[in-house]
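One structure is given here, and the rest of the page talks about it.
The values are calculated or read from the model by the stated rules, or taken from the named source; none is laboratory data. Quick caveat, the model's predicted, so the values are computed rather than measured. Backbone-built Cβ (ideal geometry, glycine too); neighbour counts: all protein chains shown.
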Amino acid sequence: MKKLIIYSLVFFVIVGILLTGCGKKTEERNIKIGVILPLTGQLSTFGQSVRKGVELALEEVNREGGVLGKKVELIIEDDESKTDTAQTVVTKLLTKDRVPLIIGEVISSITLAVAPLCQRYKVPLITPSATNADVTRTGDYIFRTCFIDDFQGSALARFAIESLKAKRAGILKDVKSDYSIGLASAFAKTFKEMGGEVVNEQAYAAGDTDFRTQLTSIKASNPDIIFIPGYYNEVGLIIRQARELSIKANLLGGDGWDSPRVLEIAGASAEGTYYGTHFSPLEKSPQVQEFVSVFKQKYNEEPDALAALGYDTLKLVCSAIKRAGTTEGQKVRDELAQTKNFAGVTGEITIDENRNARKPLVILKIEKGKPTYFISIKP
Amino acid sequence: MSLFFQQLINGLAWGGIYALIAIGYTMVYGIMQLINFAHGDVFMAGAFAGYVIAQLLPDKSSLPSVILVFLSAMLFSTFLGILIERLGYRSLWKKNAPRLSLLIVAVAISLLLENVGLMIFGAAPRSFPSIIPSRSFSLGSISFTNIQVIVILSSLVLMVALQLIVMRTKMGRAMRAVAEDSEMSALLGIPRERILSFTFALGSALAGVAGVMVAIYTPQINPLMGILPGLKAFVSAVLGGIGSIPGAMLGGFVLGEAETLVSAYISSSYRDLLAFLILIFVLLFLPSGLLGKGVAEKL
């Protein structure tokens, strides 16, 4: 009998705790913004960079009094560079944390996988760096603060022909990545239109470590430029192996190269290669220089493009919430779509009717073991 | 034509690596009829052992430190191989447990090693220090690197050494006896357990060397790097005739070249597909492989 009483007491106490837990509904004191990034795994340096930029911008926003009189708070989730994990954590952000807005993901494949979820819940998703054109076609709640692959690929082709005087291009793309395929086709289209010839197109799959076979085939068709629209891990190995096979052609890539890992892996082989990206810390404008010096103070390193994009994205999002005067999804979405000439550190950002950002592409050249500013290509 | 030879050289290096791993599969299969799926991860562990030692050495590219890196990778993977055999397989084997139980243990150990690797080193790939600075050579229009030459030559040397151990030493003779008839050899006083340990040690040492070779060749390592090469080495072993050591060597080189030629002349997207097509084809039409003896299953 005694036992029964004790058990029923315990039972009621537990039920009581659960019920009060459910019933409690406090006024939200902070504005919570969801952030989803690859903080570990294959793309971890991208995720870490964006996080640094976002957190720096957060500090500045909160120091200036936050947004709508409230402090802004980030809920940062790691997707381990995996599509399925990303879907799980985004679902968590949407249903458990009920964030009004999500920043992320870094790469196109994963963003494409989570965008339909955000669209269904009518929560704006703003990616700082997914450049594949299809990302924002998912629906009217999906935005980006970077340029798209079509622009990037064709600007790179223009650069190859006009500045590097290239006539014969080889392409080595990653067939597992929407980003790489999109960039390769945009590059090839413009390159051909401007009188160049794509002499050899080869493919690999993300995670490969040996590219000698493909490079040997490309070398045999004697190109004067090889376009490698991949991500840094493979790109570093490709550059290294290309130079080992004594390939003399210029090597050119997109913003997937923008990580210190490329130089770490490729070493001296990377000398003289070019890539396009969103931002260079060497640009002279006062806004960029101030950002670079604050960033250096906080993290003791130079910001890369992804850090700058992360920084711009949070600032842009906060300004949209301010203008909307609420965190309600529909109104924030409308204000995001209205963004015009937003002065970011990655250039002036205008959101166009397809919810893509219009902004310049920066070409960097690797010289003496460091990426240096080479030229800017306007949209 | 020079393009063709260039591709052959590219394929030869991977062929040698597949062959070294395949030998471990085939030897263990010969003795206990087990596909040791943890073998690919022993290969990974060897690469990481070499990585850790290379990080500790002050002068990474001197000859003694290169030798030290290889030796420590061999020692570590040998130790790991023996440990796996002792803790994972031996008691089951002695009890004549069904082969399926052994196979399940093998898969479990493989997952265990991968996840321990992920715990310690994380999922992000790491650059292997360039303990052998790469240099390119040209022979006419064919270019190759010193690392390719080292990989190909040392895998050949190791295979010859292994063949000598198996054919000329007492231990080797005992191994062959156990492989031929395990119970009879036990009756004749051959210590089966010791032979089994020895077999695991030999196979794992070769896998460890292969691990460091891949690490230097590509040069990148991660805790899941053993899965695909492991599976492909298994395909090589089946292709050459599982249980046959020369078969595993031949299978490794054939697969390495076939993969390279497929990605050179058809499409690199089909490279990984090819290995498994070969596996299906061999199992259907040539179950005893290229060099295997067509022994009927004992009932």
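Tabulated data
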quantity	calculated
Residue ID - surrounded by the fewest Cβ atoms within 10 Å (Cβ to Cβ), chosen from residues in the range A:190-216 that are within 14 Å of chain B (Cβ to nearest Cβ) and polar (S, T, N, Q)	A:200
Qualifying position, being hydrophobic (A, V, I, L, M, F, W, C), under 30 Å from residue B:185 (Cβ atoms) and either crowded, with 24+ Cβ neighbours inside 10 Å or touching a residue at least 12 places away in the same chain (Cβ under 8 Å) (or both), among B:53, B:35, B:9, B:17	B:35
Verdict on residue A:221 being under 21 Å from residue A:167 (Cα atoms) and at the interface with chain B (Cβ under 8 Å from one of its Cβ atoms)	no
Selected residue (only one of B:125, B:129 is within 14 Å of another protein chain (Cβ to nearest Cβ), farther than 22 Å from residue B:15 by Cα and buried (at least 20 other Cβ atoms within 10 Å of the Cβ))	B:125
Residue ranges of strands (runs of 3 or more DSSP E) in the range A:272-376 with at least 3 members modelled with pLDDT of 90 or more and touching an Asp or Glu at 6+ places or on another chain (Cβ under 6 Å)	none
Qualifying position, being over 21 Å from residue B:123 (Cβ atoms) and buried (at least 20 other Cβ atoms within 10 Å of the Cβ), among A:74, A:93	A:93
Among the residues listed as B:158, B:164, B:153, the single one being in contact (Cβ under 8 Å) with a residue 12 or more places away in the chain, out of contact with any strand residue (DSSP E or B) (no Cβ under 9 Å at 6 or more places or on another chain) and away from chain A (no Cβ under 14 Å)	B:158
Subset tally (residues that are within 10 Å of another protein chain (Cβ to nearest Cβ) and small (Gly, Ala, Ser)) for the range A:234-256	2
Filter result (at pLDDT 90 or above, outside any helix (DSSP H, G or I) and either in contact with a Pro (Cβ under 9 Å, 6 or more places away or on another chain) or within 23 Å of residue B:128 (Cα to Cα) (or both)) within the range B:191-226	B:221, B:222, B:223, B:224, B:225, B:226
Candidates A:285, A:259, A:269, A:280 - the one that is without any contact (Cβ under 8 Å) to a residue 24 or more places away in the chain and either more than 19 Å from residue A:169 (Cα to Cα) or not polar (S, T, N, Q) (or both)	A:285
Top-ranked residue in the range A:156-179 [being part of a helix (DSSP H, G or I) and crowded, with 24+ Cβ neighbours inside 10 Å; ranked as farthest from the chain's Cα centre (by Cα)]	A:160
Of all residues in the range A:62-71 being surrounded by fewer than 20 Cβ atoms within 10 Å (Cβ to Cβ) and not small (Gly, Ala, Ser), the one that is farthest from residue B:122 (Cα to Cα)	A:68
Output for the range B:166-208, where each listed residue is under 30 Å from residue B:148 (Cα atoms), of a type outside the set (S, T, N, Q) and surrounded by 24 or more Cβ atoms within 10 Å (Cβ to Cβ)	B:200, B:203, B:205, B:206, B:207, B:208
Failed item, numbered, when residue B:42 is tested on (1) under 21 Å from residue B:275 (Cβ atoms); (2) in contact with a strand residue (DSSP E or B) (Cβ under 8 Å, 6 or more places away or on another chain)	(2)
Residue ID - nearest to residue A:311 (Cα to Cα), chosen from residues in the range A:257-271 that are more than 14 Å from chain B (Cβ to nearest Cβ) and at pLDDT 90 or above	A:257
The range A:133-189, residues that are within 14 Å of chain B (Cβ to nearest Cβ) and under 30 Å from residue A:121 (Cβ atoms)	A:176, A:177, A:180, A:181
Residue that is polar (S, T, N, Q) and free of Cβ contacts under 8 Å to residues at least 12 places away in the same chain, where the choices are A:209, A:213, A:190	A:213
The one condition in (1) farther than 22 Å from residue B:122 by Cβ; (2) basic (Lys, Arg); (3) at pLDDT 70 or above that residue A:52 fails to fulfil	(1)
Search result, residues across the range B:122-149 that are outside any loop (DSSP other than H, G, I, E, B) and either touching a residue at least 60 places away in the same chain (Cβ under 8 Å) or within 30 Å of residue A:81 (Cα to Cα) (or both)	B:126, B:127, B:142, B:143, B:144, B:147, B:148
Verdict on residue B:138 being within 9 Å of chain A (Cβ to nearest Cβ) and over 15 Å from residue B:211 (Cα atoms)	yes
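Each row is one residue, and each column tells you yes or no for (1) outside any helix (DSSP H, G or I); (2) within 14 Å of chain B (Cβ to nearest Cβ).
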| residue | (1), (2) |
| --- | --- |
| A:53 | no, no |
| A:57 | no, no |
| A:61 | no, no |
| A:73 | yes, no |
| A:77 | yes, no |
| A:81 | yes, yes |
| A:86 | no, no |
| A:91 | no, no |
| A:95 | no, no |
